[in-house]
Each structure stands twice: as structure tokens, then as C-alpha cells.
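K.L.:
Once you've had a glance at the structure underneath, I'll fire off some questions.
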């Protein structure tokens with residue numbers, strides 16, 4: 001932080017700074033103002049191996065957790081530690097890629113557990129983007145540099161990627177609704193690498209889950225031809241609002257429509273025609289203190305054919321044996337474009353310790369298209 005370094009100890013040296021607490025670039029400014037020649041920006045356990053590029057104000061090397069720990073170990077043990085910060089060259093084809101960023105939005109959805117969040121992931125780390133001339137690339141007031149482009153990271157970078165892809169799909173299918181476009185992007189995303197292994201979470205170095213990536217990473221080419229989509233209208237979302245016990249004034253404020261929920265009708269949060277599934281389950285203590293639960297949930301979804309006539313067959317895979325899944329029917333035959341067919345998934349839970357989660361996967365395929373949906377189970 002500003003004013004925390006003693007110039008007599010820092011002058012002419014490379015300073016190792018841990019990430020966190022304040023702006024990454026501001027740390028370097030403090031080092032520079034104290035007479036330091038360079039900075040090693042060290043990741044802590046929170047950030048893992050994530051490396052974010054910044055327009056630093058002095059020579060700086062950003063380090064993942066493992067490398068940073070090794071450098072700290074050397075600096076503390078060697079009586080005269082020496083270091084050089086130099087350009088390491090551009091590296092192409094770095095694997096694995098993509099990985100979920102440490103700062104990426106994460107689930108589960110604590111507000112409405114019946115809807116899986118996040119939806120999907122898109123490029124958001126070290127993105128080349130246009131930059132205002134009204135501020136320096138660091139955004140700090142004493143940064144007098146001016147550039148037309150900058151390297152930026154954040155969910156505010158993945159958002160324009162997805163917005164652009166939505167526009168691309170809209171251009172190809174001008175009569176599609178926003179829900180159909182969103183479905184196309186979600187059901188065609190990928191969650192594994194070419195070797196079949198799950199996308200990694202860079203914060204932990206472990207395989208990520210749908211609570212990290214939703215359905216997976218967007219795939220622009222396959223999104224243009226998804227085969228089937230989960231479409232939804234304004235009325236579908238109004239029914240969802242009713243399931244959330246929204247008042248008529250709440251619904252009016254959001255939709256501009258006068259609508260009062262029917263008190264005699266049973267609205268379901270899980271009934272929203274969404275491209276993914278989230279099943280919140282509750283456990284209860286058994287006679288011997290173990291977690292015991294027996295409950296059944298039915299989720300109905302409707303698919304719209306946006307391709308040629310075809311027969312789609314369902315397949316499922318699950319990480320857990322504590323929830324049995326049944327899909328009815330097991331095949332859907334579409335004879336024409338924009339034809340709609342519905343199916344029901346019945347989830348029957350038996351037992352699982354409270355506070356845990358597991359995941360499953362549902363796919364519809366006609367041999368050419370794969371319409372993919374993740375399923376998340378959460379026990380509370």
C-alpha cells in the first residue's frame with residue numbers, strides 16, 4: 001500500500017509483492033516511488049497459477065503460485081539473491097487452454113438454486129481491447145501514458161465476446177428469440193479438452209465443474225447450427241416470476257405488462273425452459289444420525305427443432321449413484337422445422353451428506369448435432 005515501503009530498504013532492488021489487498025499496478029507504483037527497480041508480483045493460493053497482464057509502471061514479472069513460492073524460497077535462503085527481469089518471448093499453443101480464471105463468476109446460485117449459474121464461459125483474460133484517451137492504460141491518475149489499445153481482464157471482457165457471438169447467431173437466424181440464441185450458445189459449448197479431460201480451474205489446478213463454467217466454453221461455429229433449442233417467451237418468464245412470488249407491481253416494473261399470478265395455479269421454479277438443470281435437495285437426519293432423504297423432482301423441458309427433420313435420442317451420465325434419473329420419452333422425432341417436442345426428467349434422490357454437490361450430464365443427439373445440458377445436484 002502507499003507509504004508502506006522504506007526507500008532505504010527498497011532502492012535499487014527488485015521487490016517481491018503478493019497479490020491482493022490493492023490494485024496490482026498500484027503495488028508497482030509504490031515500489032517505483034520508493035526507488036525500486038522492478039517488481040515480482042507473486043500469486044497467493046487464492047489466485048493459483050492465473051497470470052494476468054497489466055500495463056505496469058516499472059519492469060514487472062507476474063508469477064503463478066508454484067513459481068512465486070520457489071522464488072521466495074530462493075530469496076530468503078540465499079545471502080545475496082540476484083534477479084533479472086527480461087522479455088521471455090511470445091509463446092503459442094500453451095496448454096491447457098482454456099482454463100477458468102480465478103476471478104470468474106462462480107456458482108451455486110444462492111438466490112434461485114433451481115437455475116444453474118453461471119451459464120457459460122468465454123474469453124476474458126488478457127484481452128486486446130480499445131482504450132480511452134482520457135486515461136492511462138493503468139487507470140491511475142499519475143499514469144500519463146496514452147494508448148489506443150490495452151490488455152484487459154475481467155468478466156467485462158467475456159461479456160462483449162458473448163454479445164458479439166449473440167449478434168453473429170442473430171444475423172444468421174434473424175427470427176430467433178433471445179432465449180433461442182442463448183440456448184444455441186449454451187447447448188453447443190464444450191467442457192472438455194480434446195483429450196477428454198475436464199476444463200481446469202486455474203485457481204485450484206483441479207478440474208472445474210458446472211459451478212465454475214456452467215455448460216462450458218462458447219463455440220462460435222457449432223452455435224450457428226445447434227439442431228435444437230430451448231426457446232422461451234415473455235410468458236414463460238412471467239410464470240417464473242410467479243414461482244418466485246413476485247407481486248403484480250413487481251412484474252409490471254420488469255415487463256411493462258399488467259399481470260396478476262393465478263393463486264389457484266402451481267408455478268414451478270424448475271419449470272423454466274432453461275438449457276441446464278439445477279436440482280436443490282434437502283437432507284434429513286435419520287434414526288442413527290445419518291443423512292437420509294427420499295424425494296422426487298420432475299422437470300419438463302420443450303425443445304424446438306431449428307434444423308432438418310431428424311430423430312434425437314437421449315443419453316445421460318452421472319457422477320453420483322445417490323440420484324436416479326429417468327427421461328421420458330427417450331427419443332424425439334421431428335418432422336419439420338420449428339416443431340416442438342417436450343420431455344420430462346424425473347430425479348429421485350436417496351441419500352447424500354448435507355452440504356455436498358455432484359453433477360450429471362444430459363445429451364440429445366441425432367448423430368450430427370449434440371444438444372448438451374449439465375445437471376447440478378446440491379444437498380442442503
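K.L.:
Using a ≥ b ≥ c from the Cα gyration tensor of the stretch 147-213 (square roots of the eigenvalues), is it rounded, prolate or oblate, where a/c under 1.5 gives rounded and otherwise the larger of a/b and b/c decides, a/b for prolate? The partial results should precede the final answer.
P.N.:
Working: a/c = 2.59, a/b = 1.26, b/c = 2.06.
Since a/c reaches 1.5 but b/c is at least a/b, the shape of the stretch 147-213 is classed as oblate.
K.L.:
For residue 111 paired with residue 148, estimate the spin-label separation in nm (one decimal), with each label point 7 Å from Cα along the Cα-to-Cβ line.
P.N.:
4.0
K.L.:
Let me ask another. Could you work out how much longer the chain between residue 342 and residue 295 gets when fully extended? Use 0.36 nm per residue separation minus the Cα distance between them, nm to one decimal. Display every interim value, and only then the final one.
P.N.:
On the way: separation 47, 0.36 × 47 = 16.92 nm, distance 2.30 nm.
Extra length available between residue 342 and residue 295 comes to 14.6 nm.
K.L.:
With r defined as the distance between the Cβ atoms of residue 67 and residue 46 and R0 fixed at 22 Å, what FRET efficiency is calculated, to the nearest 0.05? Don't skip to the end; give the middle numbers.
P.N.:
On the way: r = 16 Å, r/R0 = 0.72.
FRET efficiency, residue 67 to residue 46: 0.90.
K.L.:
Using packing as a proxy for protection, rank 80-90, 1-11 so that the peptide with the highest average count of other Cβ atoms within 10 Å comes first. Intermediate results must be reported in sequence, preceding the final value.
P.N.:
On the way: 80-90: 8.5, 1-11: 11.3.
Highest-to-lowest ranking by the protection proxy: 1-11, 80-90.
K.L.:
Can you bin the stretch 42-83 into rounded, prolate or oblate? Criterion: square roots of the alpha carbon gyration tensor eigenvalues sorted a ≥ b ≥ c, rounded for a/c under 1.5, prolate for a/b above b/c, oblate for the rest.
P.N.:
On the way: a/c = 3.56, a/b = 1.33, b/c = 2.67.
Oblate shape, in that a/c is at least 1.5 and b/c is the bigger or equal ratio.
K.L.:
Still on this structure, I have one more. Of the peptides 214-223, 102-111, 181-190, how do they stack up when ordered by the mean number of other Cβ atoms within 10 Å, highest first? Don't skip to the end; give the middle numbers.
P.N.:
On the way: 214-223: 18.7, 102-111: 15.8, 181-190: 24.6.
Packing order, densest peptide first, comes out as 181-190, 214-223, 102-111.
K.L.:
Follow-up question, since we're still on this one. With the crude spin-label approximation of a point 7 Å out along Cα→Cβ, what separation in nm comes out for residue 128 versus residue 236?
P.N.:
About 3.8 nm, to one decimal.
K.L.:
Related question: Run through every distinct alpha carbon pair of the chain and return the Kirkwood hydrodynamic radius in angstroms, one decimal place. Intermediate values should be presented prior to the final figure.
P.N.:
Values: mean 1/r = 0.0414 Å⁻¹.
Taking the inverse mean of 1/r over all distinct Cα pairs, the chain comes out at 24.1 Å.
K.L.:
Restricting to the chain, what percent of DSSP beta bridges are antiparallel, rounded to 5? Could the numbers behind the result be given before it?
P.N.:
Numbers: 47 of 64 bridges.
That works out to approximately 75 percent antiparallel.
K.L.:
Does the stretch 7-77 classify as rounded, prolate or oblate by the C-alpha gyration tensor (a ≥ b ≥ c root eigenvalues; a/c under 1.5 gives rounded; else a/b over b/c gives prolate, otherwise oblate)?
P.N.:
Details: a/c = 2.07, a/b = 1.26, b/c = 1.64.
Because a/c hits 1.5 or more and a/b fails to exceed b/c, the stretch 7-77 counts as oblate.
K.L.:
Give me the percent relative contact order of the chain, please, defined on Cα pairs under 8 angstrom at least 6 residues apart.
P.N.:
Values: 752 pairs, mean separation 50.3, N = 380.
It rounds to 13 percent for the chain.
K.L.:
Note down, for the stretch 186-323, the three equivalent ellipsoid semi-axes (square root of 5 times each alpha carbon gyration tensor eigenvalue), biggest first, whole angstrom. Write out the running numbers ahead of the final one.
P.N.:
Details: eigenvalues 182, 141, 54 Å².
Here the semi-axes work out to 30, 27, 16 Å.
K.L.:
Ordered by packing density, taken as the mean number of other Cβ atoms within 10 Å over each peptide's residues, highest first, how do 60-66, 170-176 rank? Kindly include the intermediate steps, with their values, before the conclusion.
P.N.:
Details: 60-66: 18.7, 170-176: 12.6.
Those peptides, ordered most packed to least, come out 60-66, 170-176.
K.L.:
What spacing in nm lies between the two simple spin-label points modelled at residue 159 and residue 260, each 7 Å away from Cα in the Cβ direction?
P.N.:
That separation, rounded to one decimal, is 3.8 nm.
K.L.:
Note the angle between two axes, namely the Cα long axis of helix 178-187 and the longest principal axis of the Cα atoms of the chain, as a number of degrees from 0 to 90, rounded to the nearest 10.
P.N.:
Result, in degrees: 70.
K.L.:
Something else: At a Förster radius of 25 Å, what calculated FRET efficiency corresponds to the Cβ-Cβ distance of residue 302 and residue 380, to the nearest 0.05? Present the calculation step by step, with values, prior to reporting the outcome.
P.N.:
Details: r = 29 Å, r/R0 = 1.15.
Between residue 302 and residue 380 the formula returns 0.30.
K.L.:
Separate question: Just subtract the alpha-carbon distance of residue 206 and residue 23 from 0.36 nm times their residue separation and send over the number in nm, one decimal. Intermediate results must be reported in sequence, preceding the final value.
P.N.:
Values: separation 183, 0.36 × 183 = 65.88 nm, distance 2.67 nm.
Contour length minus Cα-Cα distance gives 63.2 nm.
K.L.:
Which FRET efficiency value, to the nearest 0.05, is calculated for residue 80 and residue 167 with the Förster distance at 51 angstrom and r the Cβ-Cβ distance? List each step's numbers first, then the result.
P.N.:
Working: r = 57 Å, r/R0 = 1.13.
Step by step, r from the Cβ atoms, then E = 0.35.
Bear in mind these aren't lab numbers, they're just calculated from the coordinates by the rules spelled out. Everything numeric in this text was worked out from a predicted model, so none of it was measured. Here Cβ is always computed from backbone atoms with ideal geometry, including for glycine, and neighbour counts include all displayed protein chains.
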